[in-house]
Amino acid sequence: MFAKVSRTSARSTAQDLKGTLLAMPLLDSMCRKVGYGNLGTKKRRLTSFPASSSLSTRVVFGIGVVIVLLHAIIPQRWRGVDIDENRHSSRLEYEGLLDAASNPGDVPSPSGTSFFGLARSASSAAAAMTDFREDDEGDEDKEAQCAANIYSTFMLTKDGGLDPTRSLTVKRMSNVFNYNKKWQYSHMATLDVMVGPRMGKRSLLVAAWQAAPAVYGVGTTDSVQLAVEGLPDQRILYSFSSDGGYNWAAPSMAPTDIKGHNTHTPVWSPVLHYDKASGKLFLFYAQSRHCRRHTTPPTWDPGGDIKMMTSDSSTILDRINKGGGAKWSSPRVLLSQGTDDIPKVIANKIVVLTNGDWVLPFWREQPSSLHKGPKSDCAPEPPPTPPASPNKEDTKIDYSKGKSSAGVLISPDHGQTWQAYGTLKDSRTTLIEGSVVELEPRKANGPPRLMTFFRTNSGCMFQSESQDGGHTWQEATPLNFPNPNTKFHVVRIQPNNLLAIAFNDHKRNQFCKACRTHLHVAVSPDEGQSWRHVAAIEREEGMGMRIHYPTMVQAGTFLYIMYSRFYLDMGRCKASKTTSCIGLSSKNQGIRLVRLDLKELKKLPQLGLPFNNQRSVPNLDVLKGLVDHYLDTELSKVKRAPKLEHVKIMSNVRDAPWKTQCMRLASEYDMAHAGGYQYLQENKRFREYFKEQMAKKFPAPDLQTNSSITKAPTRSLLSSIMHQININYRRPGLNETM
């Protein structure tokens, strides 16, 4: 909605022509099936119809012609394609369609299926997203600086054999919060455990998150905008669980609206911390002041004043027993936006150092005049446009020249007083949503040594080290760790003394447009120098799928991981037609909680294996075993899924382009040392075997042999295709009752 087209009209025209040429073979294939011959033949022109053709066949043929013509006529910016890469990319629903058309041998695809995919994609032109905090902005070229994914679910032994690791069991605990009529957006969840002398024999899990309603009636009275951040009604909800996360109390709203304290402006990114010594629960958050964006409805830029409020554990227990929420103190400003008139933002949890200091990472986020989205009251005047230069380096943004920077707040007295340290910048990228861990000291009785890991817009994480407990910081450097411009969380776990990270294990747009998926957990036995994959939390691929923003806390031998799950506005949400908008119709959206048993770590062989660069390149037999293991694993997911999801899962595996298949395999298996997905993509014998096994285990619907497609006068072609797909998928072993 707010994005602008960044491509030149000439390039858009070229893309339109390419899309039309690629779409023509699909229509040509469909025409041959219904009896019209090739599009290029003189005997059967587009305007000629066989006398025996049924009305339904004529209608479907006409639809196909219209689709191809619209593809050539309508500019891509009207179809929602290729909208400014530095903002949210709008998506076509059926990814890889044009790749499949240009490479028909990529995956086993029956005749007719391509036309069905084309019909779906043409009907799903999407508008730009309005999820401001989630902007996927950044220079795509900078991703080349970041090395390929080096983490894998399944390892290769030194002699090239396949050694499937026993990942940690993911215990799905609860849906902490589900979308409802009032709150149709929840995000930035935080989690902590209340246990200690002040709690007696009881223990509580406490969670908080920011929530907001959907926006109705903007543009047209029937329109709906989802995941809109910065609304004045954006608030913080919190809840408690007294049974280890299985059940949660009805959420309460934190009392952030106090008279004279920026009443009715959005509040952001809660961070919870329970202090065992005092028995107090601390809630940190940011509240907007005056950085309003020029949008309809009005929204604010992220951040503002960093504030804190507390609640005593004794009153919490008493109120929980009576079915109420916590009693909070009045908000207190820790770091004001007014110090430099730049909004301050927080995201990740506090770290308590061995010397007793509390360290809370934060960053200063100056509203940018360089964004091509809505302008802000706080954005500086844009710099003058530089003259055209043949050197691309001259046109890149130098992020170090702005006022945005990262730092930490440190309290030496358990949260009574706070001081800000650090102004980290980098010319190549933004540095936000830092996650701090304390490293092993190099000298006995020396000052704490810290490491902060940063989210960036460059395609990989950055890191910076402090040798004096966070007072000064070294220059940030890139890590060999993928980051699709989203938050992650790093913690130290005991008794193994390992570092653990929950993160989205892919690059931006690697598996799907504007999505964040493949939420994984990895551990490091060497203070972050190398990492081993130990768990896969969730992996759903699709446009705008967001499984992200994890936060972790250890309670005993369990590691709890909380994250948000939702679908972005797909550009076709109508209040009167909720079924056409997955963001409105799906019940699987909200705040989710899972649990890992850390006692299982000692059973994982990958922690004792040598690092990737000491392994050999797999031979063809190993690759065949890899294919069998991958496809069997995907089939097992079909068996466990509800019947209504069988078609979706199988189509997602079978219909992906060859490049996407290789990316999935390289991500799931240990391929970085062999060259990653490119090594697989260029292996012709491996590709032939993959296609052969795919055809056996994920057979495509045989539309050619189903005469109902062309002969049934009462059923349209598309409904016949869907009917045939359902018939072919109802095979033994794939539709067990859940």
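The values are calculated or read from the model by the stated rules, or taken from the named source; none is laboratory data. Small disclaimer: the values here were computed from a predicted structure and weren't measured. Positions of Cβ are backbone-derived with ideal geometry, glycine not excepted, and every protein chain shown enters the neighbour counts. Quick note on the areas: whole protein, heavy atoms, side chains included, nothing else; ligands and nucleic acids left out. Shrake-Rupley method; radii C 1.70, N 1.55, O 1.52, S 1.80 Å.
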(message) Of all residues being modelled with pLDDT of 55 or more, charged (D, E, K, R) and open to solvent by 90 Å² or more (accessible area, probe 1.4 Å) in the stretch 378-410, which is nearest to E438 (Cα to Cα)? Just the residue, please.
(response) K403
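Please verify whether the stretch 480-490 includes one or more residues that are of a type in the set (A, V, I, L, M) and surrounded by fewer than 21 Cβ atoms within 10 Å (Cβ to Cβ).
Of the residues in the stretch 480-490, the ones of a type in the set (A, V, I, L, M) are 490.
Checking which are surrounded by fewer than 21 Cβ atoms within 10 Å (Cβ to Cβ) leaves us with none.
No, that holds for no residue.
Given the options D341, D318, name the one that is of a type in the set (D, E), open to solvent by 10 Å² or more (accessible area, probe 1.4 Å) and not in a loop (DSSP other than H, G, I, E, B). Show your work before the answer.
Values: D341 fails: not in a loop (DSSP other than H, G, I, E, B).
Going through D341, D318 in turn, the sole match is D318.
Say we look at the stretch 326-338 and pick out the residues that are more than 15 Å from A286 (Cβ to Cβ) and of a type outside the set (A, V, I, L, M, F, W, C); which of these is most open to solvent (accessible area, probe 1.4 Å)?
Quick first cut of the stretch 326-338, residues more than 15 Å from A286 (Cβ to Cβ) only: 326-330.
Going one step further and asking which of them are of a type outside the set (A, V, I, L, M, F, W, C), we end up with 327, 329-330.
On the way: K327: 124, S329: 45, S330: 88 Å².
Residue satisfying both the conditions and the ranking: K327.
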(message) Of the conditions (1) open to solvent by 30 Å² or more (accessible area, probe 1.4 Å); (2) at positive phi; (3) touching a strand residue (DSSP E or B) at 6+ places or on another chain (Cβ under 6 Å), G323 satisfies every one except a single condition; which number is it?
(response) (3)
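Quick check: anything in the stretch 506-527 assigned to a strand (DSSP E or B) and among the aromatic types (F, W, Y)?
Quick first cut of the stretch 506-527, residues assigned to a strand (DSSP E or B) only: 516, 519-524.
This time we only want the ones that are among the aromatic types (F, W, Y), so: none.
Checked against the condition, which is being assigned to a strand (DSSP E or B) and among the aromatic types (F, W, Y), the stretch 506-527 yields no hits at all.
Does E433 satisfy the condition of being closer than 14 Å to R364 by Cβ and either aromatic (F, W, Y) or assigned to a strand (DSSP E or B) (or both)? Let's see the steps before the verdict.
Numbers: closer than 14 Å to R364 by Cβ: yes; either aromatic (F, W, Y) or assigned to a strand (DSSP E or B) (or both): yes.
Yes; evaluated as a whole, the condition is true for this residue.
Considering only the stretch 408-429, state which residues are among the β-branched types (V, I, T) and within 13 Å of E475 (Cα to Cα). I'd like the intermediate steps shown before the answer.
Pass one, the stretch 408-429, residues among the β-branched types (V, I, T): 408, 410, 417, 423, 429.
T423, T429, listed by residue number.
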(message) When you scan the stretch 508-527, do you find a residue that is at pLDDT 95 or above and either over 21 Å from the mean Cα position of the chain (by Cα) or of a type in the set (S, T, N, Q) (or both), even just one?
(response) no
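Table: residues versus (1) in a loop (DSSP other than H, G, I, E, B); (2) within 24 Å of M562 (Cα to Cα).
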{"site": "T429", "(1), (2)": "yes, no"}
{"site": "V437", "(1), (2)": "no, yes"}
{"site": "K443", "(1), (2)": "yes, no"}
{"site": "F454", "(1), (2)": "no, yes"}
{"site": "M461", "(1), (2)": "no, yes"}
{"site": "G470", "(1), (2)": "yes, no"}
{"site": "T486", "(1), (2)": "yes, yes"}
{"site": "V490", "(1), (2)": "no, yes"}
{"site": "N496", "(1), (2)": "yes, yes"}
(request) List every residue pair whose Cβ atoms sit under 8 Å apart, with the two residues 6 or more apart in sequence or on different chains, where the first one lies in the stretch 524-540 and is farther than 13 Å from A502 by Cα and the second, anywhere, is charged (D, E, K, R). (result) P525/R532; E527/E440
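Against the definition (under 26 Å from D597 (Cβ atoms) and either in contact with a Phe, Trp or Tyr (Cβ under 7 Å, 6 or more places away or on another chain) or open to solvent by 30 Å² or more (accessible area, probe 1.4 Å) (or both)), how does D505 come out, yes or no?
Values: under 26 Å from D597 (Cβ atoms): yes; either in contact with a Phe, Trp or Tyr (Cβ under 7 Å, 6 or more places away or on another chain) or open to solvent by 30 Å² or more (accessible area, probe 1.4 Å) (or both): yes.
Considered against the rule, which asks whether it is under 26 Å from D597 (Cβ atoms) and either in contact with a Phe, Trp or Tyr (Cβ under 7 Å, 6 or more places away or on another chain) or open to solvent by 30 Å² or more (accessible area, probe 1.4 Å) (or both), D505 comes out as yes.
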(message) If F284 meets every condition in (1) in a loop (DSSP other than H, G, I, E, B); (2) of a type in the set (F, W, Y); (3) under 25 Å from P367 (Cα atoms) apart from one, which number is that one?
(response) (1)
(message) Quick check on this structure: which one of S269, S239, S278 is in contact with a Phe, Trp or Tyr (Cβ under 6 Å, 6 or more places away or on another chain) and either in a strand (DSSP E or B) or in contact (Cβ under 8 Å) with a residue 40 or more places away in the chain (or both)?
(response) S239
(request) Answer yes or no as to whether N355 is modelled with pLDDT of 90 or more, under 31 Å from the mean Cα position of the chain (by Cα) and either buried (at least 20 other Cβ atoms within 10 Å of the Cβ) or not basic (K, R) (or both). (result) no
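Within the stretch 690-698, is there a residue that is open to solvent by less than 40 Å² (accessible area, probe 1.4 Å), among the polar types (S, T, N, Q) and over 19 Å from R539 (Cα atoms)? I'd like the intermediate steps shown before the answer.
Narrowing the stretch 690-698 to residues open to solvent by less than 40 Å² (accessible area, probe 1.4 Å): 690, 693-694, 698.
Narrowing the set further to residues that are among the polar types (S, T, N, Q) leaves 693.
Add one more test, that the residue is over 19 Å from R539 (Cα atoms), and what stays is 693.
Yes; the residues of the stretch 690-698 include at least one that is open to solvent by less than 40 Å² (accessible area, probe 1.4 Å), among the polar types (S, T, N, Q) and over 19 Å from R539 (Cα atoms).
To keep it simple, each residue is scored yes or no on (1) modelled with pLDDT of 90 or more; (2) open to solvent by less than 10 Å² (accessible area, probe 1.4 Å).
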residue: P441; (1), (2): no, no
residue: L450; (1), (2): yes, yes
residue: F453; (1), (2): yes, yes
residue: E465; (1), (2): yes, no
residue: R492; (1), (2): yes, no
residue: I501; (1), (2): yes, yes
residue: H533; (1), (2): no, yes
residue: M543; (1), (2): no, no
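Residues to consider are K327, K344; find the one that is in contact with a helix residue (DSSP H, G or I) (Cβ under 7 Å, 6 or more places away or on another chain), among the charged types (D, E, K, R) and farther than 29 Å from R292 by Cα. Reasoning before the result, please.
Details: K344 fails: farther than 29 Å from R292 by Cα.
After applying the criteria, what remains is K327.
If only one of Q589, Q614, Q554 is at pLDDT below 85 and either over 30 Å from P495 (Cα atoms) or not acidic (D, E) (or both), which one is it? Spell out the reasoning first.
On the way: Q589 fails: at pLDDT below 85; Q554 fails: at pLDDT below 85.
Answer to the check: Q614.
What residue, of T557, T517, is open to solvent by 20 Å² or more (accessible area, probe 1.4 Å) and of a type in the set (V, I, T)? Outline the logic, then answer.
Details: T517 fails: open to solvent by 20 Å² or more (accessible area, probe 1.4 Å).
Exactly one residue qualifies, and that residue is T557.
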(request) Residue by residue through the stretch 211-236, note down the ones that are part of a loop (DSSP other than H, G, I, E, B), within 25 Å of H264 (Cα to Cα) and among the charged types (D, E, K, R). (result) E229, D233
(request) Would you check which residues across the stretch 636-657 are assigned to a helix (DSSP H, G or I) and of a type in the set (D, E) and list them? (result) E645
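Take P713 and tell me if it is modelled with pLDDT of 50 or more and part of a loop (DSSP other than H, G, I, E, B). Outline the logic, then answer.
On the way: modelled with pLDDT of 50 or more: no; part of a loop (DSSP other than H, G, I, E, B): yes.
No, not satisfied.
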